[in-house]
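Only one structure is covered here, and it is reproduced in the block below.
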Amino acid sequence: MAGRFAPRHPMRTTVRGGHLGVPAQRPGTGPAAGGTDPATGGTGPATAPAPRRAPVAPRPRALTRRWTPPWPLDLGLVMGPLRRGGGDPTFRALPDGSIWRGTFTPAGPGTLRVAVSGGDVEAVAWGPGATWLLDRLPDLLGAADDPSAFTPRHRLVAQARHRRPGLRLTRTGLVLESLIPTVLEQKVTTQEAYRAWRRLVRGYGEPAPGPAPDRLHVMPSPRTWALIPSWDWHRAGVDQKRSSTILRAVRVARRMEEAVRLPPPEARARLELVPGIGPWTSAETVQRSHGAPDEVTVGDLHLPGIVGYALNGDRNADDDEMLRLLEPYAGQRHRAARLILLSGTAPARRAPRMSRTDIGLL
């Protein structure tokens, strides 16, 4: 079969594996013989064109900050309320004791890694929001909180406080980050709400910048939330009432975020101007965005019974009775309720768990 086909062009550049060899020159050609370079048509040395490579995105620059809190810090207790279930795509606690968060800040997406070493907090941040995150690191870890204003009035509360000296109330300075997952938790089980949060953030958020742990995400921007189609809300198990509330909130995202500069009662009043946001949702939001020590959650299915049982042995307490029992803690009622929950004192369950309704399967 030799000689039937013309030999391939000596300058073929498409080679398997991406390696390009320099072809041998024919006698009497090339610059050494005064001939013409077959690749360029000139008399210079024959050089093969470099293969084109896809542009490589620059790796986000890491910013660092070291901060020493003047109190014993329990990182898990302080940042724990920001975690929406064990599979929260925006939050990761690693075995080395570090906590990672993907956050959508006013400056853009950012990743924050926080760890405690020898009493010092070591923080590293990546992405457009890195500077914003590091500037607000002390508030995130409870620097704006004042536990000294709290005086225990019950033995159980005093013991819970003594066992957890590192408890501080976090202040994120972000409203929508806490508001949206709280709306998802309205009138459903926590498992349903956490599943919806995971699905929507992974589907419409973006990977956290920097060398973040696998599948760590930043929640969608307000515009992206507004563009989620109705069928994907449905597949995530979110009914029209909750999705409509989120859509109304993100359409006034700037006004929502401005509420962080208001005192907690005024911030709650602004949030509740949005139809679908009531006292339960606004309280759960400002507890995290503002670090509000007195904004106790009213309208919760379980909290009144837990507080009533812990302080008065009354497992059937309602909201009014809970507020009466927490009255001695005026100004610090949320902190008192948090300590009661951390004490582990709760009435035994007498009824099956609330049934789960997955509308995504309907």
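The values are calculated or read from the model by the stated rules, or taken from the named source; none is laboratory data. Keep in mind the model is a prediction, meaning the values are calculated, not measured. We place every Cβ from the backbone using ideal geometry, glycine too, and count neighbours over all the protein chains shown. The protein model used for the area step is the full one, side chains on, heavy atoms only, and it has no ligands, DNA or RNA in it. Shrake-Rupley method; radii C 1.70, N 1.55, O 1.52, S 1.80 Å.
Is it the case that Ala212 is surrounded by 14 or more Cβ atoms within 10 Å (Cβ to Cβ), within 22 Å of Val286 (Cα to Cα) and in contact (Cβ under 8 Å) with a residue 24 or more places away in the chain?
Here the answer is no, as Ala212 does not meet what is asked.
Can you tell me which of (1) surrounded by fewer than 20 Cβ atoms within 10 Å (Cβ to Cβ); (2) of a type outside the set (Lys, Arg); (3) modelled with pLDDT of 95 or more is the one Ala130 doesn't meet?
(1)
Report yes if Leu112 is open to solvent by less than 20 Å² (accessible area, probe 1.4 Å), assigned to a helix (DSSP H, G or I) and aliphatic (A, V, I, L, M), otherwise no.
No; evaluated as a whole, the condition is false for this residue.
Can you tell me which residues in the range 216-243 are surrounded by fewer than 16 Cβ atoms within 10 Å (Cβ to Cβ), in contact (Cβ under 8 Å) with a residue 24 or more places away in the chain and either in a loop (DSSP other than H, G, I, E, B) or among the hydroxyl-bearing types (Ser, Thr, Tyr) (or both)?
Asp239
Please go through the range 158-185 and pick out each residue that is open to solvent by less than 10 Å² (accessible area, probe 1.4 Å) and in a helix (DSSP H, G or I).
The answer is Ala160, Leu176, Ser178, Leu179, Ile180, Pro181, Thr182, Val183, Leu184.
Any residue at all in the range 127-142 that's in contact with a Leu (Cβ under 8 Å, 6 or more places away or on another chain) and over 14 Å from Arg65 (Cβ atoms)?
yes
Do we have Arg153 as open to solvent by 60 Å² or more (accessible area, probe 1.4 Å), farther than 29 Å from Ala123 by Cβ, in a loop (DSSP other than H, G, I, E, B) and at pLDDT 95 or above here?
For Arg153, the condition - open to solvent by 60 Å² or more (accessible area, probe 1.4 Å), farther than 29 Å from Ala123 by Cβ, in a loop (DSSP other than H, G, I, E, B) and at pLDDT 95 or above - is met.
Does Pro213 qualify as being more than 30 Å from Tyr309 (Cα to Cα) and either out of contact with any His (no Cβ under 8 Å at 6 or more places or on another chain) or in a helix (DSSP H, G or I) (or both)?
yes
So which of Val201, Val260, Val252 ends up being closer than 23 Å to Ala93 by Cβ, open to solvent by less than 80 Å² (accessible area, probe 1.4 Å), out of contact with any Asp or Glu (no Cβ under 6 Å at 6 or more places or on another chain) and among the aliphatic types (A, V, I, L, M)?
Val201
Could you grab me the full set of residues in the range 64-80 that are closer than 21 Å to Pro95 by Cα and either assigned to a helix (DSSP H, G or I) or touching a Pro at 6+ places or on another chain (Cβ under 7 Å) (or both)?
Pro72, Leu75, Gly76, Leu77, Val78, Met79, Gly80, listed by residue number.
Show the residue pairs that are 6+ apart or on different chains and have beta-carbon atoms under 9 Å apart, the first residue being within the range 320-342 and at positive phi and modelled with pLDDT of 95 or more, the second being surrounded by 22 or more Cβ atoms within 10 Å (Cβ to Cβ) and not basic (Lys, Arg).
Filtered contacts from the range 320-342: Gly331/Pro293.
Quick test of your reading of the structure: Asp320 fulfils all but one of (1) open to solvent by less than 60 Å² (accessible area, probe 1.4 Å); (2) more than 23 Å from Ala160 (Cα to Cα); (3) not in a loop (DSSP other than H, G, I, E, B). Name the failing condition by number.
Every condition holds for Asp320 apart from (1).
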